[in-house]
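Take a look at the structure below.
The values are calculated or read from the model by the stated rules, or taken from the named source; none is laboratory data. Predicted model only: the values in this text are computed from it and were never measured. Glycine gets a Cβ as well: all are built from the backbone with ideal geometry, and neighbour counts include every protein chain shown. These area figures cover heavy atoms from the full protein model, side chains too; ligands, DNA and RNA do not enter into them. Shrake-Rupley method; radii C 1.70, N 1.55, O 1.52, S 1.80 Å.
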Amino acid sequence: MKKLILILLPLSLLAIACSPAQSDTNVTFTASTEKAQNKQANTATVNLVSPEPQTEIPMGEAEMILEVVDSNGEPVKVETLDVSATMPMDGMEDMIGNVEVTPADEPGRFKATTYFGMQGTWNIVASVKDPQYQANQEFTFEVK
Ligand SMILES: [Cu+2]
């Protein structure tokens with residue numbers, strides 16, 4: 001979508017330059033492009049900085065560092081990051097772990113603290129809530 005806007009923008013400038021008689025059409029077109037741009041959220045990615053994705057996590061309190069990056073891999077400062085910790089259970093509802101999320105020192109980074117109260121597979125879902133960026137990332141931890 002970002003690419004499309006980048007292509008449309010020079011085209012609209014070209015249209016204004018070439019046909020001043022059709023200014024009414026151009027005004028409408030520009031307005032709708034602006035609206036689309038405001039509504040469009042860029043897709044971001046949430047990376048797990050620590051712990052290493054493959055490490056075995058001991059039961060108990062755990063701390064994760066998560067980083068939000070844009071499509072170029074550059075950290076982006078987003079307003080909030082939602083993090084959930086759940087464990088699928090056989091024949092029961094998912095177990096839910098409380099997660100406390102606080103911004104870390106570096107831009108785009110967050111510290112998420114949770115408590116793994118049971119051994120097994122935990123799913124961590126991190127989602128970005130920001131007017132400009134959207135991301136939804138899942139990580140799996142094997143808690144021993
Ligand atoms: Cu469980």
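Using the per-residue mean of other Cβ atoms lying within 10 Å as a proxy for protection, in what order, highest first, do the peptides 70-80, 103-113 fall?
103-113, 70-80
Given H placed on each backbone N at 1.01 Å, which residues far from VAL49 in sequence or on other chains put an amide H within less than 5 Å of it?
Hits under the 5 Å cutoff: ILE65, LEU66, GLU67.
For the stretch 61-144, what % of the accessible area comes from carbon and sulfur atoms, probe 1.4 Å?
About 43 percent, which is the carbon plus sulfur part of the accessible surface.
From the backbone phi of the stretch 77-89, what are the Karplus-calculated ³J(HN,Hα) couplings (6.51 cos²θ - 1.76 cosθ + 1.60, θ = phi - 60°) in whole Hz, Gly and Pro given as x?
7, 9, 5, 9, 10, 9, 10, 10, 10, 9, 10, x, 10
Please list the non-local residues whose amide H lies under 5 Å from the amide H of VAL78, H modeled 1.01 Å from N, same-chain partners needing a gap of 5 or more.
GLY108
Per residue of the stretch 107-113, what does 6.51 cos²θ - 1.76 cosθ + 1.60 with θ = phi - 60° give for ³J(HN,Hα)? Whole Hz please, x for Gly and Pro, Karplus curve as stated.
Values per residue, Gly and Pro as x: x, x, 9, 9, 9, 10, 10 Hz.
From the protein chains alone at 1.4 Å, what is the descending order of accessible area for TYR133, TYR115, largest first?
TYR115, TYR133
If amide H atoms are built 1.01 Å from N in the plane of the peptide, which residues on other chains or at least 5 residues away come under 5 Å of the amide H of ASP94?
The list, which skips near neighbours in sequence, is MET89.
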